[in-house]
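J.: What follows is a structure written as structure tokens; I'll ask about it next.
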Amino acid sequence: MPSETLWEIAKAEVEKRKSHGTEGDGAEIGEKSVFFIGSKNGGKTTIILRCLDRDEPAKPTLALEYTYGRRTKGHNTPKDIAHFWELGGGTSLLDLISIPITCDTLRTFSIVLVLDLSKPNDLWPTMENLLQATKSHIDKVVMKLGKTNSKAASEMRQKMWSVMQKDHPDRELIDPFPIPLVIIGSKYDIFQDFDPEKRKVICKTLRFVAHYYGASLMFTSKSEALLLKIRGVINQLAFGIDKSKSICVDQNKPLFITAGLDSLCQIGSPPVSDSDIGKLQAHSPMELWKKVYEKLFPPKSNNTLKAVQDPARDPQYAENDVDEMRVQKDQELEQYKRNSSKTWKQIELDS
């Protein structure tokens, strides 16, 4: 029997790949992307470095940064590749969310929202602004994808509900995030010393938000044990390793709740008296939780919360020599504008 030709071998390989994935979906097998967003100086970089086993000090993230990691499945098999994106600046650079999330990458994407538990007054606006901006962009990408690949878009919408069992009592009451979402509360070592009632409000609120969006929720700190648990969750997103089934809902301990394992019944109602709930005018459960949360942790003024839009003017990136030159150039530019204005006025008078 004659040996197979190169063409036949190639054809067989293509058929093999089709049987393990979706034809024409534009995504390579073994490649996933994880996008870290969240509080400024909340610990996103530290988590990424820990997941990649990189023993190096974390540096402030400027705008949008990228790195990657590899993992071998087994002997003589290609390495899986995980793309890690990180958005710096808290909520000041929302426009950059559109760069890594495209029609080609969306189906292999996951979002990790890192929230600084030590700053509860900033927590809700940070969470709300980042999730709304990310979800809005993803919805646009899904619509665009549906025009060219309706099957892939339909599969994505169905996959949204896979985190929730069909017989879950809250299935009709939630609105799953378009792609896998993990919410991480950082700096638990500071948070654990908060007043018990404040911890209760923060824990219940984050549990509700995570459950509503079909997300996983967990707390972490510099503790090696907690970082290892977080690393396992990120590895699941990046390399498809088995998902953890563990759960901890005790507000006196670091929360760890895998998507789909919580329930509104276990979370309970917003931590406020029945008489006060009646006074709060809300049009949805999410808005009600927001009003209750902000009653105890009022957000800072917009001027205080708004981060510097231009990284060149952000104090954390200050460089004396560069800044002095920048001031000089700005002055020269203003002088040029004034001279140009005088010149044009003179031309108009002469004409």
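The values are calculated or read from the model by the stated rules, or taken from the named source; none is laboratory data. Here the structure is a predicted model, which means the values were calculated and not measured. Reconstructed Cβ throughout: ideal geometry from the backbone, glycine too, with neighbour counts over all protein chains shown. In case anyone asks, the SASA skips ligands and DNA or RNA and just uses the protein heavy atoms, side chains included. Shrake-Rupley method; radii C 1.70, N 1.55, O 1.52, S 1.80 Å.
J.: Please work out the FRET efficiency for the pair Asp167 and Ser246, using the Cβ-Cβ distance as r and a Förster radius of 22 Å; give the result to the nearest 0.05.
T.: Computed FRET efficiency for Asp167 and Ser246 comes out at 0.55.
J.: With every protein chain kept in place and ligands, DNA and RNA left out, what is the accessible area per residue of the stretch 101-296? Probe 1.4 Å, answer in Å².
T.: Per residue, the stretch 101-296 has 47 Å² of solvent-accessible surface.
J.: Across the Cα atoms of the stretch 141-209, what radius of gyration and what greatest pairwise Cα-Cα distance (Dmax) are found, in Å?
T.: Cα radius of gyration and Dmax of the stretch 141-209 are 17.5, 53 Å respectively.
J.: How much of the accessible area of the stretch 176-262, in percent, comes from carbon and sulfur atoms when a 1.4 Å probe is used?
T.: 51
J.: Of Lys222/Lys245; Lys32/Lys144; Lys159/Lys295; Lys32/Lys295; Lys144/Lys329; Lys59/Lys79, which ones are farther than 32 Å apart at the Cα? Don't jump to the answer; show the numbers that get you there.
T.: Numbers: Lys222/Lys245 23 Å; Lys32/Lys144 21 Å; Lys159/Lys295 36 Å; Lys32/Lys295 40 Å; Lys144/Lys329 43 Å; Lys59/Lys79 28 Å.
In this structure, Lys159/Lys295; Lys32/Lys295; Lys144/Lys329 lie more than 32 Å apart at Cα.
J.: Which length gain, in nm to one decimal place, applies between Asp175 and Arg71 when the Cα-Cα distance is subtracted from 0.36 nm times their residue separation?
T.: 34.1 nm
J.: What FRET efficiency, computed as 1/(1 + (r/R0)^6) with R0 = 51 Å and r the Cβ-Cβ distance, is obtained for His283 and Asp53, rounded to the nearest 0.05?
T.: About 0.65, to the nearest 0.05.
J.: Using only the Cα atoms of the stretch 58-190, build the gyration tensor, take square roots of its eigenvalues as a ≥ b ≥ c, and label the shape rounded, prolate or oblate: rounded if a/c is under 1.5, else prolate if a/b is larger than b/c, else oblate.
T.: Note, shape of the stretch 58-190 comes out rounded.
J.: Spin-label point model (7 Å from Cα, Cβ direction): what's the Arg326 to Thr102 distance in nm?
T.: Roughly 3.0 nm, to one decimal.
J.: Over the stretch 210-258, what lengths in whole Å, largest first, do the semi-axes of the equivalent ellipsoid take, defined as the square roots of 5 times the eigenvalues of the alpha-carbon gyration tensor? All intermediate terms of the calculation are to be shown ahead of the outcome.
T.: Values: eigenvalues 58, 47, 15 Å².
In descending order, the three semi-axes are 17, 15, 9 Å.
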